[in-house]
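The values are calculated or read from the model by the stated rules, or taken from the named source; none is laboratory data. This is a predicted model, so every value here is computed, not measured. Note that we place each Cβ from the backbone using ideal geometry, even for glycine, and neighbour counts take in every protein chain shown.
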Amino acid sequence: MRGFQCQALFISLCVLHLFVVTEGRPLRKRTVSEVQLMHNLGEHREVQERRDWLQLRLRGIHTAPRHSQLEAGRPRRRLLPDELPELIGLTTEELQEAIKIFENLLNATQPESEDFT
């Protein structure tokens, strides 16, 4: 029994020495293809993480339609009375006055088409 314990101790010390000498490095050098594969995998993970982060950030962004989309013949969505609570108490004359003001503002912000011929 004493000889078995000495052999187990000797083998354990050899294995411990092997781990200390190699310092966690692989026992053989990696081939170029293995290194390239590991590099590509790391880049793929970074790109995927960036893409996921960007998707999270873009979820909350709402972009208004551009002016050209409105001119393309797409119908505008009509506002419901519940969406404009401050206009509920206005009279018909006041609403018509507000519409005229909005139309004047809209016409003032639209660039006039010039004919260069």
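The table below lists the values:
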{"read-out": "Residue satisfying all of: in the range 45-73; surrounded by 10 or more Cβ atoms within 10 Å (Cβ to Cβ) and either at pLDDT below 60 or assigned to a loop (DSSP other than H, G, I, E, B) (or both); farthest from the chain's Cα centre (by Cα) among these", "value": "Leu70"}
{"read-out": "Condition met for Leu13 (part of a helix (DSSP H, G or I), surrounded by 10 or more Cβ atoms within 10 Å (Cβ to Cβ) and at pLDDT 90 or above)", "value": "yes"}
